[in-house]
Amino acid sequence: TIPVDIQSLADYEPYAKARMTPQAWAYFSGGAADEITLRDNHDAFARYRFKGRVLQPVQQGNTRLQLFDMLLEYPILLAPVAFHRLAHSEGELATVTAAAAMGAAMVVSTQASVGIEHIAARAVAPLLFQLYWQPHREANLALVKAAEAAGCKALLVTVDAPVNGPRHREQRAGFALPSDIEAVNLRGLPTAPVWHSKPGQSPVFGSNLLQAAPTWEDMRWLKSMTRLPVVLKGVMNPEDARQALDSGMDGLVVSNHGGRTLDGLPASIDALAAVAAVVNKQIPLLLDGGIRRGSDVVKALALGADAVMIGRPYIHGLAAAGAVGVAHVLNMLRAELEVAMVLNGCHCLADIDASLLWQAGRTQ
Ligand code: FNR
């Protein structure tokens, strides 16, 4: 049974922390540098205010949507998070079991700690695959073919992390991947050479670190190699959104990687409207970063997202209670979403638009 004091997503945090090593906790919870962006992801949602709406016909509503060729019951996906086995011994298998029970789409990370084919064998709801660009084109192709063979519905190419942000919390905790946990889907593929730079040379530009940094040309090549929709994850700049449209990309995720890459980016919810204005509903737009409440989902949809993804919250459920915890997290968020819709007079997702919010979050 689930403890009575777990009534919202945040309530899982202390339980998760207690069940993880301090190193794993630092890995999952930390952000880059001073964690300005990480904090902002949470704080920013609280700055938007609803108008609320009364006496609307809200009976027989639903939260259904079509996203690429997926029919989803609700607009909440599980974001790609690496190494679920750090949180729970069953790792991604527990997560996909919860996703199956809850009908939630799950994005499998390139750095998953369980093979994509094993995850797919347990999947009922749609899977998507997150691609970290590999330095060798044949490695990218092998990953794409594995994702296609596993029945994945889309590729999310993470474009905001050609280098990692300096994640001091996990560095100070001395985090290292335990020897029995591995990015198994990369096994046997040519990977990036180990980082090296010569003393006195510039530490990043003068190193081999950026060899694998992808470009727009790589994205166009990728699109030519697969029939799956290619979705760029980690776009915060409206100019990049424009370039993505010009390059024929099939979707975008407004995301700052949960505050783990460039510290000083705004909260993803604060960047959303400007990106949505460029996208202008031509391709699906997702958002992640800081979603902790169903009302946050409504705010994201009001500002132009078609769907959202959650990262850390489901990891907390996973660490605390395995598949049951992940399912419970999804269920709570889904119920909160419906409550927030009803209290805003919305009976389907199409009813959600910017008119739900006070201008710029202000009530005057
Ligand atoms: C991530 N994220 C991530 N993104 C990605 O594209 N590939 C990955 O392997 C990972 N791994 C990963 C590990 C951990 C520990 C975290 C916290 C995040 C980013 C993730 O997909 C998502 O953008 C954020 O987690 C969303 O923010 P919230 O919901 O955690 O606030």
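Each reported figure results from applying straightforward, stated rules to the coordinates on display, with no laboratory input. Predicted model, so just to flag it, every value in this text is computed and none were measured. No Cβ is skipped: glycine too gets one built from the backbone with ideal geometry, and neighbour counts run over all protein chains shown.
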Original post:
Pick from A87, A350, A26: which is most flexible by mean-square fluctuation in a GNM of the chain where alpha carbon atoms under 10 Å apart are linked?
Top reply: A350
**OP:** Show that you can apply the helix-only estimate: for the chain, add -39,500 (n - 2.57) for every DSSP H stretch of four or more residues, divide by all residues, and state [θ] at 222 nm to the nearest 500.
**Re:** -11000 deg cm²/dmol
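Could you sort 261-267, 150-156 so that the peptide with the highest average Cβ count within 10 Å comes first and the rest follow in order?
Descending packing order for the listed peptides: 150-156, 261-267.
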Subject >> Residue among L128, L55, L349 with the largest mean-square fluctuation in a Gaussian network model of the chain, springs linking Cα atoms under 10 Å >> reply: L55
Original post:
What range in the chain is the longest one free of chymotrypsin sites (Phe, Trp or Tyr not before Pro) that are in a loop by DSSP and have at most 11 other Cβ atoms within 10 angstrom?
Top reply: 1-194
**OP:** Give the distance, in whole Å, between the Cα centre of segment 254-285 and the Cα centre of segment 101-131.
**Re:** 24
Original post:
Given a cut-off of under 8 Å on Cα pairs at least six residues apart, what relative contact order in percent is computed for the chain?
Top reply: 28
Subject >> Positive minus negative residues near A82 (Lys, Arg vs Asp, Glu; Cβ under 14 Å) >> reply: +2
Original post:
Is segment 251-364 best put as rounded, prolate or oblate by its Cα gyration tensor, with a ≥ b ≥ c the root eigenvalues, rounded for a/c under 1.5, and otherwise prolate when a/b is larger than b/c, oblate when not?
Top reply: oblate
Original post:
Magnitude of the Cβ-charge dipole of the chain, K/R +1 and D/E -1, about the Cα centre, nearest 20 debye?
Top reply: 160
Original post:
Just how far, in whole angstrom, is segment 133-156 from segment 53-77 if you go by their alpha carbon centroids?
Top reply: 31
Original post:
Ranked highest first by the average count of other Cβ atoms within 10 Å around their residues, in what order do 163-172, 139-148 fall?
Top reply: 139-148, 163-172
**OP:** Check cross-link reach from K223 to the lysines: straight Cα distance under 24 Å, and skip same-chain residues fewer than eight apart.
**Re:** K145, K153, K233, K281
